[in-house]
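Notes for the one structure printed next.
The values are calculated or read from the model by the stated rules, or taken from the named source; none is laboratory data. These figures come from a predicted structure and were not determined experimentally. Positions of Cβ are generated from backbone atoms using ideal geometry, with glycine treated the same way; all protein chains shown enter the neighbour counts. These area figures cover heavy atoms from the full protein model, side chains too; ligands, DNA and RNA do not enter into them. Shrake-Rupley method; radii C 1.70, N 1.55, O 1.52, S 1.80 Å.
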Amino acid sequence: MNTAYPHEQILNFAVKAGEIMLQSGAETYRVEDTITRILKANAYYSVDTFVIPTGIIATIEDPSFSMCTKVSRVKNRSTRLDRIELINQLSRDYVLGNIPLDAAVKKLNEIENISTYSSGMVILWTGICSAFFSVMFKGNLLDFFLTFIIGVQVGFLHHTLRHKHIVSYFVLFVSSLAIGFSVMVSYYLLGDKMHIEPIVIGCIMPLLPGVAFTNAVRDAIGDELLSGISRGVESLLIAIALAAGIGVSLNIGFRLGGLL
Amino acid sequence: MILSILSAFISTIGFSILFHVQKKHLLTCGVVGAIGWSIYLLGESKGFSTVLSTFLASLLVTELSYMLAKRLKTPITVFLIAGIIPLVPGLALYRTMYSLLISDYTIALEYAILTFEIAGVIASAIVIISVFPLIWRKPTLKR
């Protein structure tokens, strides 16, 4: 978008930075802080921002142009810690005056399209991560390899479904269903040589709401009442979706196998 | 035990890759996760309860992440999430579900309470480490 007025460009830049941070899973107070800092660096008469996990409102006020507001609705949230860090650095540089506005805007667009790891690598590491989690919960060597295979499979499923922009709880539910069924299938093939518990825990560990939970606590500390509560509920819902998926699939497996 | 700590190290790194942490921070994240998990194991081996061990581990992890975040000028979440991940109550959550499956509601309730206790304790550890230093902050009129 090409706007003639410098204050509109600055506002666009600040809100865009906030938008990318929010989509990358930053805490609400950090987004608010970043936008406020970028805008305050320009010495406006007053600066106000209001950020919730799904939207941004920012207003600047100055005698030279009276008032200017931008509202931005944020969708498709995921966790991209690299983007948060880069934008943090960018806003710091901008506020200190080390980088002019047009260069900063250009850099912001670069950051938006950056990808530190390819999706194949992410899927592979989902498997490795799950496999080592199963060792932490006292799995043996067989469990380790089984968890790796199931982990890669679930990583792939989760990755593919997430890019279809279905509601995240459903994606997690389907993923944990897949975990449960894969575990039951391998249990029929291998019997008591494998342990169900470490495998299931290893596989759900990467899906557990660790990020949502940590952000909920950090937002609650940062005096963000709305975001703290909504992210807290989000992590609770994720946990319930996972538990439901595992429960349903293991239950069906047990009934079919007559293990109960 | 060493095997367990080593796997905590690797799985924390894996976890950080899932969340696209920059490459230069991966090793640090792994170390934070491994330290948290070893404190937890140490507590368990001394006969502390799961909840207390988790509390001590998350206290240390939070303090460590604060120090690292300050030194490396990085958002604290990068290290905090990595450190907290091994401590997240996955085991208790699974056992709750499993007990519900075999219709053992007493045990299920026990593990459900344990899940919430662990989550609450991690939260309070983060709060304690983050908020207590503010007591000694000089009072300011404007934010």
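If you average the C-alpha positions of the stretch B:1-41 and of the stretch B:80-108 separately, how far apart do those two centres end up, in angstrom? If you average the Cα positions of each part, the centres end up 21 Å apart. Could you state the number of Å between the C-alpha centres of the stretch A:167-188 and the stretch A:9-67? Spelled out, the Cα-based centre of one part sits 40 Å from the other. Each of the chymotrypsin sites (Phe, Trp or Tyr not before Pro) that DSSP puts in a loop and that has at most 15 other Cβ atoms within 10 Å breaks chain A; the longest unbroken stretch is A:66-260. Can you find, among A:Ala104, A:Ser115, A:Asn88, the residue farthest towards the positive end of the dipole of the stretch A:1-122? Put +1 on the C-beta of Lys and Arg, -1 on that of Asp and Glu. The listed residue farthest towards the positive side: A:Ser115. Selection among A:Ser227, A:Leu11, B:Val127 by position relative to the dipole of the protein assembly as shown gives A:Leu11 as farthest towards the positive end (Cβ unit charges, Cα centre).
Counting Cβ atoms of other protein chains within 10 Å of each residue's Cβ and taking the mean over peptide A:199-210 gives 5. Excluding same-chain neighbours fewer than eight residues apart, the lysines reachable from A:Lys164 by a Cα-Cα span under 24 Å are A:Lys16, A:Lys75. Over all distinct Cα-Cα pairs of the stretch A:119-257, the Kirkwood formula returns a hydrodynamic radius of 15.5 Å. Computed over the protein assembly as shown, the per-residue total of -39500 (n - 2.57) for DSSP H runs of n ≥ 4 gives a 222 nm mean residue ellipticity of -23500 deg cm²/dmol, rounded to 500. Take the alpha-carbon centre of the stretch A:83-148, take the same for the stretch A:220-242, and report the distance between them in whole Å. With the stretch A:83-148 and the stretch A:220-242 each reduced to a Cα centre, they are spaced 22 Å.
Sparse packing (at most 14 other Cβ atoms within 10 Å of the Cβ) combined with a DSSP loop state is found for the following trypsin sites (Lys or Arg not before Pro) in the stretch A:39-111: A:Lys75. The magnitude of the dipole of the stretch B:2-136, with charges of +1 and -1 set on the Cβ of Lys/Arg and Asp/Glu and taken from the Cα centre, is near 660 debye. Remark on the stretch B:2-136: ratio of C-alpha radius of gyration to 2.2 N^0.38 Å is 1.11. Computed with a 1.4 angstrom probe on protein heavy atoms, the A-B interface buries about 4600 square angstrom of accessible area in total.
Pairs of Cα atoms nearer than 8 Å and 6+ residues apart set the relative contact order; for chain B it is 24 percent. Note that the stretch B:121-127 has calculated 3J(HN,Hα) couplings of 5, 4, 4, 5, 5, 4, 4 Hz, one per residue in order, obtained from phi through the Karplus relation 6.51 cos²θ - 1.76 cosθ + 1.60 (θ = phi - 60°); glycine and proline are x. Accessible-area loss of 40 Å² or more (1.4 Å probe, protein heavy atoms, chain alone versus all protein chains) is found in the stretch A:126-171 for A:Cys129, A:Phe132, A:Phe133, A:Val135, A:Met136, A:Phe137.
For the stretch A:6-112, rounded, prolate or oblate, judged on the Cα gyration tensor with a ≥ b ≥ c (square roots of eigenvalues), a/c < 1.5 rounded, else prolate if a/b > b/c? Verdict is oblate for the stretch A:6-112. Surface composition of the protein assembly as shown: carbon plus sulfur atoms contribute 65% of the solvent-accessible area (1.4 Å probe, protein chains only, all chains present). Contact order for chain A, expressed relative to its length and based on alpha carbon pairs under 8 Å spaced 6+ residues apart, stands at 16 percent. For chain A, the Kirkwood hydrodynamic radius comes to 20.5 Å, computed from all pairs of different C-alpha atoms.
3J(HN,Hα) along the stretch A:156-163: 4, 4, 4, 5, 5, 5, 5, 7 Hz, from the Karplus curve 6.51 cos²θ - 1.76 cosθ + 1.60 with θ = phi - 60°, whole Hz, x for Gly and Pro. Would you work out the relative contact order for the stretch A:119-257, in percent, from Cα pairs under 8 angstrom that are 6 or more residues apart? Once normalised by length, the contact order is 29 percent. Put a plus charge on the Cβ of each Lys and Arg, a minus charge on the Cβ of each Asp and Glu, and nothing anywhere else: the dipole of chain A about its Cα centre is then about 620 debye. In the stretch B:4-43, the residues that give up 40 Å² or more of accessible area when the other protein chains are added, compared with the chain on its own (1.4 Å probe), are B:Ser7, B:Ile10, B:Ser11, B:Phe15, B:Ile17, B:Leu18, B:Phe19, B:His20, B:Gln22, B:Lys23, B:Trp37.
Counts of other chain beta carbons within 10 angstrom of each beta carbon in peptide A:240-249 average 3. Applying the Karplus relation 6.51 cos²θ - 1.76 cosθ + 1.60 with θ = phi - 60° to the stretch A:113-119 yields 3J(HN,Hα) values of 9, 6, 9, 6, 10, 6, 5 Hz, where x marks Gly and Pro.
Taking amide H as placed 1.01 Å from N in the peptide plane, the amide H of A:Gly55 sits under 5 Å from that of A:Val74, each at least 5 places away or on another chain.
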